[in-house]
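Read through the structure below, which is laid out as structure tokens, and then see the notes.
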There are 4 protein chains.
Amino acid sequence: MQDQQRPSRSLEMGTARVEAFSDGVMAVIITIMALELQAPHGASLDAVLDQLPGLLVYVLSFGFIGIYWNNHHHLLRAAERISGAAMWANLLLLFWLSLIPVLTEWLREEYRHALPAAAYGAVALAAGVAYSILARALIRANGRESALAQAIGSDLKGHVSQVLYAAGVGLAFVSPWISYGLYVAVALMWFIPDRRFTRS
Amino acid sequence: MQDQQRPSRSLEMGTARVEAFSDGVMAVIITIMALELQAPHGASLDAVLDQLPGLLVYVLSFGFIGIYWNNHHHLLRAAERISGAAMWANLLLLFWLSLIPVLTEWLREEYRHALPAAAYGAVALAAGVAYSILARALIRANGRESALAQAIGSDLKGHVSQVLYAAGVGLAFVSPWISYGLYVAVALMWFIPDRRFTRS
Amino acid sequence: MQDQQRPSRSLEMGTARVEAFSDGVMAVIITIMALELQAPHGASLDAVLDQLPGLLVYVLSFGFIGIYWNNHHHLLRAAERISGAAMWANLLLLFWLSLIPVLTEWLREEYRHALPAAAYGAVALAAGVAYSILARALIRANGRESALAQAIGSDLKGHVSQVLYAAGVGLAFVSPWISYGLYVAVALMWFIPDRRFTRS
Amino acid sequence: MQDQQRPSRSLEMGTARVEAFSDGVMAVIITIMALELQAPHGASLDAVLDQLPGLLVYVLSFGFIGIYWNNHHHLLRAAERISGAAMWANLLLLFWLSLIPVLTEWLREEYRHALPAAAYGAVALAAGVAYSILARALIRANGRESALAQAIGSDLKGHVSQVLYAAGVGLAFVSPWISYGLYVAVALMWFIPDRRFTRS
């Protein structure tokens, strides 16, 4: 009996450590972007205004990572078991998120151009796909009848986000401002706490 | 019975992970500021003295973040439940705190001017407001009769801090030194451990 | 009876904190490498392509650290006790892993030369040896009959990796591309989740 | 009965979070020093040898932080309660440790001079004093009869370290190499795992 308890405790610890590692990576990503913010060159209001686009891009990226952290938190809280596949999917998600700081830096300099705007959307799309893979791997590990599987359901919100990001990548070549509008729209859509998990 | 236990365990895990993520962000903020400290250019005493203002600004900001970590710790330790609103309020608090390193860097260069001194106070004020929102969201989640609600009480200290920070923002345009005096005063006021929580 | 329980709880906490610290270090290593990625200088496709080798080196190093995190996770999950020797072996492993970002930076600039390719392999080899020392220290702490000892077994995969890394160091002086091929081969070999632990 | 259980659980969580935050700060300090390591300028052996003093200073500082992490781990594992005073003492310790990366950077450039060598020792001494304050605060919180108090005992090793660091500060003005010898001696003295705690 005691022997049968062990693996379950051990599997739960697995979840805990995946959460801890992901928290660590996301915490560092957020603060590294803050580190890349440049102090105004001088003490005048103009010097501050020069840094304003950079600050707005930072707000977008902070929100982006914050939303992922929040949803990741709800997703793993609902999971009871973790599998090897879920661990690799999680690493893949963290890989894409880890590219956000360098894209933020690029956007800060070149926000008027199509390519950085499209690249930002492409990485956001890739992160979204990795998140879906992670969710599906967790469903496989926890069973189709699990609370987790029912909470995720058809994942409409996830699919809509991915379509909007893909549109943002394409439309960046019409105007990058359309892309930014789409990315902000996705952020607002997720900002509303995910009822599916809080209900469960 | 076992089913009713689950959500409570799960909610508690929620608190744990919010603490872990916040700890991660605050730990990185503190150490990133240390990274921005510059080694003296040379091995003479003069080269060291050149870095002294920067070191003092670092001490102020280290104390500022350290105080938030300490109070955040007491606040969440007293909480038993967390809500979606509290999670977003916490992210908002972390956002304002994440701007402290770049303000520290700015202050290091331009501490003689009004604007950086005012900006530092404005971000400190915003962080204080976010902390109050977080405290109120936690009271809503835990109930007006909870130990948490009674421990926070009227939050006099929080309101006084916010008035002093607001004064620091305005008076920076008279002299930045008045602002620095006020910010240090707030720090000393919070340095004294919060009886409200240790008693509870 | 209660007194006999204490040390075991306390030892388990030991494992938890070693995991937490290691997670922290590995999380920062991964994100610091992302920080060292440079944003393209301009918004053209050529500017992006200039950063491609750097991105590929980052992918290799991200995979390298990710694989260590994953296996470290399985290794410590299987351990029930930790010893002083295991803690030092763990620090030694983290020391070698902490050199990966600076080697990644070096490789990004000088990937066509033998010395950086050999140095990368030498540090990877040293990390592998430290991991083996850690595994052996954990076996000593948990006993030859423990699930951990049986899961590790003869550690064939570990020995093969070390031989391939050593070959990579030597063959870098023939061509660095042979070394990179060998390093990728080791990464792919470990990418497959370690059956030994998931079965246990 | 349930009410009397609460505070003890809550106090234990206190210890856990202090450990987590300290781990986070120390993990970032160690990896930030790795970030400050410079990749050799070129792919020749001479370019590597140019970075050798920097690498040795890094090894010293990595060992220094690693030793603190290890002993901090043993100290807090032995503690059952934490107090407000202990939390501030812990922050003070982290403050001094957070200055190690900038001193490491300074030493890397100016290791032939007295002032950086003395400054390194002065910060190491301050960290040692903060550690003693922390240990004493924990003894007060846990009682003179606690396992912790008996494990710490007269703290001979701590006092000897502080004397050697103080000597290193003074003798740096004779020759910095005497200081480095003393700092390495202290490191080796602590490298041996602390029997006092492993026995308890």
Here is a check on your reading of the model: is D:Val129 closer than 16 Å to D:Asn71 by Cβ and part of a helix (DSSP H, G or I)?
yes
Part of a loop (DSSP other than H, G, I, E, B) and among the hydrophobic types (A, V, I, L, M, F, W, C): is that true of D:Phe173 in this structure?
yes
Give me the residue from segment C:68-83 that is within 11 Å of chain A (Cβ to nearest Cβ) and farther than 17 Å from A:Phe21 by Cβ and, out of that set, farthest from the chain's Cα centre (by Cα).
C:Glu80
Can you find a residue in segment B:129-149 that is under 26 Å from A:Glu36 (Cβ atoms), within 14 Å of chain A (Cβ to nearest Cβ) and modelled with pLDDT of 90 or more?
yes
Any residue at all in segment A:163-174 that's more than 14 Å from chain C (Cβ to nearest Cβ), out of contact with any strand residue (DSSP E or B) (no Cβ under 9 Å at 6 or more places or on another chain) and hydroxyl-bearing (Ser, Thr, Tyr)?
yes
Residue satisfying all of: in segment A:12-56; surrounded by fewer than 24 Cβ atoms within 10 Å (Cβ to Cβ) and β-branched (Val, Ile, Thr); nearest to the other protein chains (Cβ to nearest Cβ) among these:
A:Ile32
Identify all residues within segment A:149-170 that are under 15 Å from the mean Cα position of the chain (by Cα) and either of a type in the set (Lys, Arg) or not in a helix (DSSP H, G or I) (or both); write none if there are none.
A:Lys157
State whether the residues of segment A:104-123 include one that is in a helix (DSSP H, G or I), basic (Lys, Arg), under 19 Å from the mean Cα position of the chain (by Cα) and under 23 Å from A:Ser179 (Cα atoms).
no
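Okay, residues lined up against (1) closer than 19 Å to C:Val184 by Cβ; (2) surrounded by 23 or more Cβ atoms within 10 Å (Cβ to Cβ):
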{"site": "C:Ala86", "(1), (2)": "no, yes"}
{"site": "C:Ser98", "(1), (2)": "no, yes"}
{"site": "C:Val102", "(1), (2)": "no, yes"}
{"site": "C:Trp106", "(1), (2)": "yes, yes"}
{"site": "C:Arg112", "(1), (2)": "yes, no"}
{"site": "C:Leu125", "(1), (2)": "yes, no"}
{"site": "C:Leu138", "(1), (2)": "no, yes"}
{"site": "C:Ser154", "(1), (2)": "no, no"}
{"site": "C:Gln162", "(1), (2)": "yes, no"}
Can you say whether A:Glu145 is acidic (Asp, Glu) and part of a loop (DSSP other than H, G, I, E, B), as far as the supplied structure shows?
yes
Just to be sure I understand, how many residues within segment B:26-69 are in contact with a Gly (Cβ under 8 Å, 6 or more places away or on another chain) and not hydrophobic (A, V, I, L, M, F, W, C)?
1
Can you pull out the residues in segment C:91-110 that are within 7 Å of another protein chain (Cβ to nearest Cβ) and not polar (S, T, N, Q)?
C:Leu91, C:Phe95, C:Leu99, C:Pro101, C:Val102, C:Glu105, C:Trp106, C:Glu109, C:Glu110
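The values are calculated or read from the model by the stated rules, or taken from the named source; none is laboratory data. As the structure is a computational prediction, the values presented were derived from the model and not from experiment. Neighbour counts are summed over all protein chains in view; Cβ atoms, including those assigned to glycine, are modelled from backbone coordinates with ideal geometry.
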